[in-house]
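Below is one structure, written out as structure tokens; the observations come after it.
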Amino acid sequence: QVQLLESGGGLVQPGGSLRLSCAASGISFKLSVMAWYRQAPGKQRELVAEVTTGGSTIYQDSVKGRFTISRDGAKNTIYLQMNNLNPEDTAVYYCYGRNPLNYVHWGQGTQVTVSS
């Protein structure tokens, strides 16, 4: 059974930082593209950042220079380091994994709220 378990969300003031983690199990982690998506109230879910099996990364324009995605194959975990957060970053953040057969799996989500 595939499980993507996110952690690290919470309430932070504008300009602050958070680090999200996603621990994967039951998935061929080393062969899977991993990513973070987010969904704000009343908006569609959107890609935040993606990391390929080779470590290449892509970012949504609004987070470039502020967020960093990384993966640790030894721990089957991906991370999202978020710096200089602003209220527009408030959303539920979801971990995403896509295996070589293009089967997609989602985590349950973790809330990030940026507010003073």
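The values are calculated or read from the model by the stated rules, or taken from the named source; none is laboratory data. Source: prediction; values computed, not measured. Methodologically, a virtual Cβ is constructed for each residue, glycine included, from the backbone with ideal geometry; neighbour enumeration extends over all protein chains shown. Surface accessibility is based on the protein's heavy atoms, side chains included, excluding ligands, DNA and RNA. Shrake-Rupley method; radii C 1.70, N 1.55, O 1.52, S 1.80 Å.
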Once Lys and Arg get +1 and Asp and Glu get -1 on their Cβ, which of THR90, GLY65, ALA35 lies farthest toward the positive end of the dipole of the chain? ALA35
What Kirkwood radius, in Å to one decimal, follows from the Cα pairs of the range 45-96? 11.9
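Only Lys, Arg, Asp and Glu count, each charged at its Cβ (+1, +1, -1, -1), so figure out the dipole size of the range 15-83 about its Cα centre, rounded to 20 debye. Could you put the intermediate results ahead of the total?
Working: 9 positive and 4 negative charges, 22 e Å.
Value, rounded to 20: 100 debye.
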Taking the Cα centre of each part, how many Å lie between the range 60-78 and the range 1-26? 11
Net dipole in debye of the chain [+1 Lys, Arg Cβ; -1 Asp, Glu Cβ; about Cα centre; nearest 20]: 180
Rounded to one decimal in Å, the inverse mean reciprocal Cα-Cα distance for the chain, i.e. its Kirkwood radius, is 14.1
Could you please report the charge total around TYR96, scoring K, R as +1 and D, E as -1 over all other residues with beta-carbon less than 11 angstrom from its beta-carbon? +1
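When the accessible area of the chain is computed with all protein chains present and a 1.4 Å probe, what percentage of it is carbon and sulfur? Intermediate values should be presented prior to the final figure.
Working: 2910 of 6090 Å².
The value for the chain is 48 percent carbon and sulfur by accessible area.
Could you do me a favour and compute the accessible area per residue for the range 54-116, 1.4 Å probe, result in Å²? Before the final figure, lay out each step's value.
Numbers: 3270 Å² over 63 residues.
Value for the range 54-116: 52 Å² per residue.
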